[in-house]
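**Student:** This is the structure I want to talk about, given as structure tokens.
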Amino acid sequence: EEAIWIDLLNPTRAEEKKVERALKVNVPTREEQQEIEASSRLYQEDGALFMTASVITQSEQAETKMTPVTFILAGNRLVTVRYAEPRAFAIYAARCNRAEPDLRSGVNVLIGLIETIVDRLADFIERIQADVDVLSHAVFDIKGGAATRQRRFDVVLKSIGREGEMSSKARESAHSLGRLLTFFAYA
């Protein structure tokens, strides 16, 4: 009853139903989250705000993935629904345990989480930029015979493609968060 933030990580149907009964909101299932079209990710229902954003996860690993995260503001409470573990959540939870942020309302928790997600996204973009800088220098430093240069160019080209894909995911996440914040500001 006193909970301000309920973080549903890989929730069971029983956990979803418990939150639904307590807050009188419909918690989207994993399938519903994944089926939500970009144009339908932000809505108001029964006095609660439902906002789903695409968030980068596993950004320290070679393969970066996008995952939907739903933020539900119901009264003074925030419910997050996610099926992955973006690092921003662990960072923010650690900050909450040190009692740094203002945790008196779900809105404050939402703002703190979004700030942490954006900080992580900025770090991710900086890392991409540093990698691209290294690649650009590598292109001009390739020496050797034609066959050797071609093999090295192939490796660099694949790396550039990977960086481009990660950059695209970063843009998608930033755009998704921007839409969420605009909706939130005017709701």
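The values are calculated or read from the model by the stated rules, or taken from the named source; none is laboratory data. Nothing here was measured: the structure is a model prediction, and the numbers come from that model. Here the Cβ is made from the backbone with ideal geometry for all residues, glycine too, and neighbour counts use every protein chain on show. To get the accessible areas, we keep the full protein, side chains included, count just its heavy atoms, and leave off ligands, DNA and RNA. Shrake-Rupley method; radii C 1.70, N 1.55, O 1.52, S 1.80 Å.
**Student:** Can you list the GluC sites (Glu not before Pro) in region 27-130 that are in a DSSP coil and have 15 or fewer other beta carbons within 10 angstrom? Could you put the intermediate results ahead of the total?
**Tutor:** Details: sites: GLU31, GLU32, GLU35, GLU37, GLU45, GLU60, GLU63, GLU115, GLU126; in loops: GLU37, GLU60, GLU63.
Answer in residue order: GLU37, GLU60, GLU63.
**Student:** Taking the Cβ of LEU8 as the center, what net charge do the other residues with Cβ under 15 Å away carry, scoring Lys and Arg +1 and Asp and Glu -1? Mind dumping the intermediate values first?
**Tutor:** Working: positive: ARG13, LYS17, LYS18, ARG21, ARG30, ARG77, ARG82; negative: ASP7, GLU15, GLU16, GLU20, GLU31, GLU32, GLU85.
Charge balance near LEU8 sits at 0.
**Student:** Could you pull out every residue, at least 5 positions away or on a different chain, whose amide H is within less than 5 Å of the one on VAL55? Hs are placed 1.01 Å off N in the peptide plane, and Pro or chain starts have none.
**Tutor:** For VAL55, the qualifying residues are THR67, VAL69.
**Student:** Also, I was wondering about something else. Going by average Cβ neighbours within 10 Å, how do the peptides 127-136, 102-111 rank, with the highest at the top? Working shown, then result.
**Tutor:** Numbers: 127-136: 13.8, 102-111: 16.6.
Sorting 127-136, 102-111 by mean packing, highest first, produces 102-111, 127-136.
**Student:** What FRET efficiency, computed as 1/(1 + (r/R0)^6) with R0 = 45 Å and r the Cβ-Cβ distance, is obtained for ASN76 and ARG171, rounded to the nearest 0.05?
**Tutor:** On the way: r = 34 Å, r/R0 = 0.75.
Efficiency, from the Cβ-Cβ distance: 0.85.
**Student:** Also: How far is it, in nm, from the label point at ILE160 to the one at ASN97 when both lie 7 Å from their Cα along the line to the Cβ?
**Tutor:** 4.4 nm
**Student:** Further question on the same structure: Which one of ALA185, ASN76, ALA130 has its Cα pushed farthest toward the positive end of the charge dipole of the chain, where Lys and Arg give +1 and Asp and Glu give -1 at the Cβ?
**Tutor:** Value: ALA130.
**Student:** How large is the dipole of the chain about the Cα centre if only Lys and Arg carry +1 and Asp and Glu carry -1, each at its Cβ, rounded to the nearest 20 debye?
**Tutor:** Values: 25 positive and 28 negative charges, 80 e Å.
That gives a dipole near 380 debye.
**Student:** Once every DSSP H run of n ≥ 4 in the chain is given -39500 (n - 2.57) and the sum is divided by its residues, what mean residue ellipticity at 222 nm do you get, rounded to the nearest 500 deg cm²/dmol? Intermediate results must be reported in sequence, preceding the final value.
**Tutor:** Values: 5 runs with 105 residues, N = 187.
My calculation for the chain gives -19500 deg cm²/dmol from helical runs alone.
**Student:** Further question on the same structure: Which is farthest toward the positive dipole end of the chain among ALA99, GLY161, ILE6, measuring Cα position about the Cα centre, with Cβ charges +1 (Lys, Arg) and -1 (Asp, Glu)?
**Tutor:** Result: GLY161, furthest along the dipole toward the positive end.
**Student:** Let me ask something additional. Among the lysines, which fall within straight-line cross-link reach of LYS65, defined as a Cα-Cα distance under 22 Å, with same-chain neighbours fewer than 8 residues apart omitted?
**Tutor:** Correct list for LYS65: LYS158, LYS169.
**Student:** Provide, in order from the shortest bin, the percent of all Cα-Cα pairs of the chain in each 10 Å bin, continuing until the bin that contains the maximum pair distance.
**Tutor:** 8, 32, 30, 15, 9, 5, 1, 0
**Student:** Going by amide H atoms built from the backbone, whose H comes under 5 Å of the H on TYR83, apart from near neighbours?
**Tutor:** Correct list: ASN10.
**Student:** Determine how large the accessible area of ILE36 is when every protein chain is in place; take a 1.4 Å probe and give Å² rounded to the nearest 10.
**Tutor:** Surface accessible to solvent at ILE36 totals approximately 30 Å².
**Student:** Oh, and also: What percentages, rounded to whole numbers, describe P(r) for region 11-110 computed over all alpha carbon pairs with 5 Å bin width beginning at zero?
**Tutor:** In whole percents, the pair-distance histogram is 2, 12, 20, 23, 21, 15, 6, 1, 0.
**Student:** Still on this model: Just to be sure I understand the rule: take each whole DSSP H helix in the chain, project its Cα atoms onto its long axis, keep it if the span is 30 Å or more and its mean Kyte-Doolittle hydropathy is at least 0.0. Which ones pass?
**Tutor:** Details: long enough: 106-141 (53 Å, 0.77); 146-186 (59 Å, -0.39).
Membrane-span-like by this criterion, though nothing is claimed about a membrane: 106-141.
**Student:** Ignoring ligands, DNA and RNA, how do LYS169, LYS158 rank by accessible area with a 1.4 Å probe, largest first? Don't jump to the answer; show the numbers that get you there.
**Tutor:** On the way: LYS169 40, LYS158 145 Å².
From most accessible down to least: LYS158, LYS169.
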